[in-house]
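Colleague: Have a look at the structure that comes next, please.
Bear in mind that the values in this text are calculations on the coordinates, not laboratory data. All values reported here derive from a predicted model rather than from experimental measurement. Heads up, the Cβs are rebuilt from the backbone with ideal geometry, glycines too, and the neighbour counts pull from every protein chain shown.
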Amino acid sequence: MNDDHFALTRCFFCGGSNNILLATRYHQTSNHIMVPDHSLKPYHDKVIDLEPCPKCQDYMEQGIILITINDERSDEGWEKQHIPNPFRVGGFFVVTEAAIRRWFNDGMIEWCLKHRWIFIDYKAAEQIGLTHERKDTHEDK
Ligand SMILES: [Zn+2]
């Protein structure tokens, strides 16, 4: 199988590889080889997947994922985009619901408990003491 036939999507939350997109429509060439109608090669690692990867699903069951951003360096109106893409500064934390209830206001608590993740400005994260427990999302294994 060559990589025209599939592409890995990127997890929106941790940036890790997530689902595999498979080519579904094929046609036969003159020498009886089946090739995909559309090569998936250009999509490899480019498709952002809002479906959490298994690792993030696990985190979301255990707690709430906080992803640190720099609001000032983000594009204006990022929060209104279909796939919000603020300027991330690399912090990735999983915290308990109890912590969320302690730190945030009602509207944010409700959002966090429903969606199981939230972007947080790095300054706010520092204020609640998260920077020292910074978790590198690429060091898992
Ligand atoms: Zn993930």
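Colleague: According to the Cα gyration tensor, what semi-axes, each the square root of 5 times an eigenvalue, does the equivalent ellipsoid of the chain have, listed from largest to smallest in whole Å?
Modeller: That gives 37, 15, 13 Å for the three semi-axes.
Colleague: Continuing with the same structure: Would you kindly work out the equivalent ellipsoid of the stretch 1-82 from its C-alpha gyration tensor and give its semi-axes, the square roots of five times the eigenvalues, largest first in whole Å?
Modeller: With the √(5λ) rule applied to the stretch 1-82, the semi-axes are 35, 16, 9 Å.
Colleague: Give me Met108, Met34, Met60 sorted ascending by neighbouring Cβ count inside 10 Å, so fewest comes first.
Modeller: Lowest count first: Met34, Met108, Met60.
Colleague: Using alpha-carbon positions, what is the distance between the centroids of the stretch 108-133 and the stretch 73-87, in Å?
Modeller: Each part's Cα centre sits 17 Å from the other's.
Colleague: About its Cα centre, how strong a charge dipole does the chain have in debye, to the nearest 20, once Lys and Arg get +1 and Asp and Glu get -1 at the Cβ?
Modeller: Dipole size: approximately 140 debye.
Colleague: Sticking with this one: Taking every DSSP beta bridge that has both residues in the chain, what percent is antiparallel when rounded to the nearest 5?
Modeller: Here the antiparallel bridges make up roughly 65 percent for the chain.
Colleague: Using the number of other C-beta atoms within 10 angstrom as an exposure proxy, rank Tyr122, Tyr26, Tyr59 with the fewest first.
Modeller: Ranking Tyr122, Tyr26, Tyr59 by Cβ neighbours within 10 Å, fewest first, gives Tyr26, Tyr122, Tyr59.
Colleague: Rounded to the nearest 5, what % of the DSSP beta bridges within the stretch 63-133 are antiparallel ones?
Modeller: 50 percent
Colleague: Report the full-extension gain for the segment Leu22 to Arg73: residue separation times 0.36 nm, less the Cα-Cα distance, to one decimal in nm.
Modeller: Once the chain is fully extended between Leu22 and Arg73, it gains 14.8 nm.
Colleague: Can you tell me how much longer the chain between His32 and Ala124 gets when fully stretched, taken as 0.36 nm per residue apart minus their C-alpha distance, in nm with one decimal?
Modeller: 27.1 nm
Colleague: Can you give the three extents of the C-alpha atoms in the stretch 6-49 along their principal axes, from longest to shortest, in whole Å?
Modeller: Extents along the principal axes: 43, 14, 10 Å.
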